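Q: One structure, as C-alpha cells, below. Some questions next.
The values are calculated or read from the model by the stated rules, or taken from the named source; none is laboratory data. None of the values given here were measured: they were computed from a predicted structure. Counting neighbours? That spans all protein chains shown, and the Cβs are built from the backbone with ideal geometry, glycine included.
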Amino acid sequence: MSEQVETLDHEQFGVSPERGFLPDIDPLASLETAGHPRLRRLETAGDDLSNLLERDRLGPTVRNLEAPPPGAFDDLSRRELHRVYTVAGLLANAYVHRNDAPTVDAIPAGVAVPLYEATDRLGRTPVLSYDAYVLHNWTREDTNGGTSPPNVAPLARFFDVQDERWFVAVHVAIESAAGPAVGAIGDAQQGVRDDDEERVREALGTIADALDDVTRILDRMPERNDPEAYGQGVRPYLGSISGVRYDGVDALDGSQSFRGASGAQSSIFPALDAALGVDHGDNPLVDHLLELRRDMPPGHRAFVEAADRGPDVRDFAATAGDDLREAYDDCIDRMVTFREHHVDVVETYLVGQVDEQEGTGGTPFGRYLTSFIDDTREAGLSGFAG
C-alpha cells in the first residue's frame, strides 16, 4: 500500500472528494432482470418487508425462499452484489429481531446463503452493517438534485415510516457533505511533504467548512425522526446477530455472532482523527471502534490506515506560522462542535428513549463519547480550541 493517501484513486480506496465514502454512482435500485430467479424473489420479499412485518408474514415468507446456487453470484456486478447484500441483510435482521416472535436459532438458507455469498465477494462481514444500510442503500427523489436529507430516501427499509427514512437520509447527507473533507486529507498531507504551508492551509479550510456542513445536517435529525418512534420501533431491528446459525452456508460452522449496523462504522471521523493527529488513547470505546473497522469496506479501512501512516499534519502546523496554526485549531474546534452535538443526539435517541449505554453494533458509548470531545480539544495547538 502506498504511503500517500491517493484520494482520487477510486480503484485503490473507493473514495472521492465529491461524495467521500458514498459510491460515485448512485446505488442500484433493483436487480430488474439481472441474476438468478431466486435472487429476484429474494428482492421481492425485501421490497415487501414492511408489509410482511405488519401482517406477521415475514417468518413463513423467509422460510419459503430457496437458496440460489453459489454460481448465481459469479456474474453479478459489484452494484448488484451490494443490492443483494442490502436486501438479504435487512431480511436477516428482521427475521431475527421481529417483534413478539419466538427467538430464532437460525437464518433460513434462502436469506443466509445470498447474504454470505454477496458479502464474501465484497469482502464484507455477513451481516447488515452501516455499509449496506446507509452507504449503498439510497436514492434521490429528484435525480438532478443533490443529497440533502429531503431529497434522499432509502431503497430498502424495515418500516414504511418517515422516521426510518429520515434517519437513513440524514446519514447519507452527512457522508456526502463530508466528501470535500475526505478529499482534502490527501491535499493536506501532500502539502506537508512539499513543505507547502498554503496548500495545507487551504486543505484545512476545506475540512473546516465541510465539518460545519456535517454538523448542520446532524442537527436536522429531529425534524422528521421522532426519538420514541426510532428508539422503540426501528432501532431494535439494527441490533447484533448473536448465536445464530446460517443455514446452507458451509463456510460458517455452528452459531455465529456479528455486530449490527452502527454509525460508528462510518469512516469519516476515524479518517479525520488519523489525518489531524487526534489521539484517543486507550479505553473500551477505542478498542471497540478498532474492532468495528473490520466491518468497514476494505478500501475505506485502507484509507483510514493510509491517513494514519501519512505525514503528521499536526506537527507541521505546530511549527508553522500563526495562520496555519489557526487553520488547524479551527478544524479542531469544528470537530469538537460536531462531537458535542453528536452526544446530544445520542442522549436524545438512545439514553432518553431506551435508557441504554450501548449503541447499535454494541458500541459502548456512555461516558467515553465525552472523553472523545476532550481528546479532540486537547489536540489544539493554542490551548482551548472549543
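Q: Between LEU292, LEU252, LEU285, which is outside any helix (DSSP H, G or I) and either over 16 Å from the mean Cα position of the chain (by Cα) or modelled with pLDDT under 95 (or both)?
A: LEU252
Q: Looking at the structure I just gave you, is ARG83 charged (D, E, K, R) and surrounded by 15 or more Cβ atoms within 10 Å (Cβ to Cβ)?
A: So ARG83 fits the description; yes.
Q: Within region 132-185, track down each residue that is of a type in the set (S, T, N, Q), crowded, with 22+ Cβ neighbours inside 10 Å and assigned to a loop (DSSP other than H, G, I, E, B). Explain how you work it out, then say what you get.
A: Looking only at region 132-185, we keep the residues that are of a type in the set (S, T, N, Q), and these are 137, 139, 143-144, 147-148, 151, 162, 176.
Cutting the leftovers down to crowded, with 22+ Cβ neighbours inside 10 Å gives us 137, 176.
Residue satisfying the conditions is ASN137 alone.
Q: When you look at ARG40, is it out of contact with any strand residue (DSSP E or B) (no Cβ under 8 Å at 6 or more places or on another chain), crowded, with 23+ Cβ neighbours inside 10 Å and part of a helix (DSSP H, G or I), yes or no? Spell out the reasoning first.
A: On the way: out of contact with any strand residue (DSSP E or B) (no Cβ under 8 Å at 6 or more places or on another chain): yes; crowded, with 23+ Cβ neighbours inside 10 Å: no; part of a helix (DSSP H, G or I): yes.
Taking the combined requirement at face value, the residue does not satisfy it.
Q: Is it the case, given these coordinates, that ARG79 is in contact (Cβ under 8 Å) with a residue 40 or more places away in the chain, in a helix (DSSP H, G or I) and of a type outside the set (A, V, I, L, M)?
A: Answer is yes for this residue.
Q: Among the residues of region 295-308, which ones are charged (D, E, K, R) and either closer than 21 Å to ILE332 by Cβ or at pLDDT below 90 (or both)?
A: Listed by number, the residues that qualify are ASP295, ASP308.
Q: Now for a separate question. Tally time: how many residues in region 75-90 are of a type outside the set (A, V, I, L, M, F, W, C) and either touching a strand residue (DSSP E or B) at 6+ places or on another chain (Cβ under 6 Å) or within 19 Å of VAL127 (Cβ to Cβ) (or both)? Spell out the reasoning first.
A: Quick first cut of region 75-90, residues of a type outside the set (A, V, I, L, M, F, W, C) only: 75, 77-80, 82-83, 85-86, 89.
From the residues that got through so far, the ones that are either touching a strand residue (DSSP E or B) at 6+ places or on another chain (Cβ under 6 Å) or within 19 Å of VAL127 (Cβ to Cβ) (or both) too are 78, 82-83, 85-86, 89.
Result for region 75-90: 6.
Q: Let me ask something else about it. Quick check on region 298-331: of everything there that is crowded, with 18+ Cβ neighbours inside 10 Å and not in a helix (DSSP H, G or I), which residue is farthest from the chain's Cα centre (by Cα)?
A: ALA320
Q: LEU22 - would you say it is buried (at least 20 other Cβ atoms within 10 Å of the Cβ), at pLDDT 95 or above and over 30 Å from ALA275 (Cα atoms)?
A: For LEU22, the condition - buried (at least 20 other Cβ atoms within 10 Å of the Cβ), at pLDDT 95 or above and over 30 Å from ALA275 (Cα atoms) - is not met.
Q: Regarding ASP195, is this residue touching a Ser or Thr at 6+ places or on another chain (Cβ under 8 Å) and not in a helix (DSSP H, G or I)? Quick ask: steps written out before the conclusion?
A: Values: touching a Ser or Thr at 6+ places or on another chain (Cβ under 8 Å): no; not in a helix (DSSP H, G or I): yes.
No; evaluated as a whole, the condition is false for this residue.
Q: Name the single residue that is farthest from ASP323 (Cα to Cα) among those in region 198-229 being among the acidic types (Asp, Glu) and assigned to a helix (DSSP H, G or I).
A: The selected residue is GLU228.
Q: With respect to ALA132, determine if the residue is in the same structural domain as GLU32 (by TED's automatic domain parsing), small (Gly, Ala, Ser) and out of contact with any Phe, Trp or Tyr (no Cβ under 7 Å at 6 or more places or on another chain).
A: The answer is no for ALA132.
Q: Now, a different point. Taking into account only those residues within region 114-131 that are hydroxyl-bearing (Ser, Thr, Tyr) and part of a loop (DSSP other than H, G, I, E, B), which is surrounded by the fewest Cβ atoms within 10 Å (Cβ to Cβ)?
A: Result: THR125.
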